[in-house]
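One structure is given below, encoded as structure tokens.
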Amino acid sequence: MSTDAFDGFLNVLCDRRPFQMFTVNLKNGERFQIDHPRAVAFNSGRGVFLGPGGVFVMFDHDSVSHFTDESAQTLA
């Protein structure tokens, strides 16, 4: 995924009102759900998610295969 697509999708998904949870699917098969817009920070194709229990998940445009929104619609 390109840097611009990564940042663009995250901007759209985090800015939805009301906010809807979405899933980040990684190329290695792992995935994690973003449950709050302030639980993720991103810029220039890199991101970090603060998950439950204070666990940090770092991800970038090269590691993401696609995003899935709450209605299971696949994005990129």
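Quick note: the coordinates plus some simple rules give every number you see, no bench work behind them. Because the structure is a prediction, the values reported are computed rather than measured. Backbone-built Cβ (ideal geometry, glycine too); neighbour counts: all protein chains shown.
Are there any strands (runs of 3 or more DSSP E) wholly within the chain with 2 or more residues that are of a type in the set (A, V, I, L, M), and if so which?
Counting at least 2 such residues, we get 22-26, 40-43, 46-50, 56-60.
Looking at region 39-54, which of the residues that are under 12 Å from the mean Cα position of the chain (by Cα) and in contact (Cβ under 8 Å) with a residue 40 or more places away in the chain is surrounded by the fewest Cβ atoms within 10 Å (Cβ to Cβ)?
Among those that are under 12 Å from the mean Cα position of the chain (by Cα) and in contact (Cβ under 8 Å) with a residue 40 or more places away in the chain, it is Gly45.
Count, please, the residues in region 27-38 that happen to be surrounded by fewer than 15 Cβ atoms within 10 Å (Cβ to Cβ) and touching a strand residue (DSSP E or B) at 6+ places or on another chain (Cβ under 7 Å).
The total comes to 3.
Which residue pairs have Cβ atoms under 8 Å apart, sit 6 or more places apart or on different chains, and have a first residue in region 55-66 that is surrounded by 15 or more Cβ atoms within 10 Å (Cβ to Cβ) and a second that is of a type in the set (Phe, Trp, Tyr) and not in a loop (DSSP other than H, G, I, E, B)?
These pairs meet every condition: Val57/Phe32; Val57/Phe49; Phe59/Phe49; Asp60/Phe6; His61/Phe6; Val64/Phe6.
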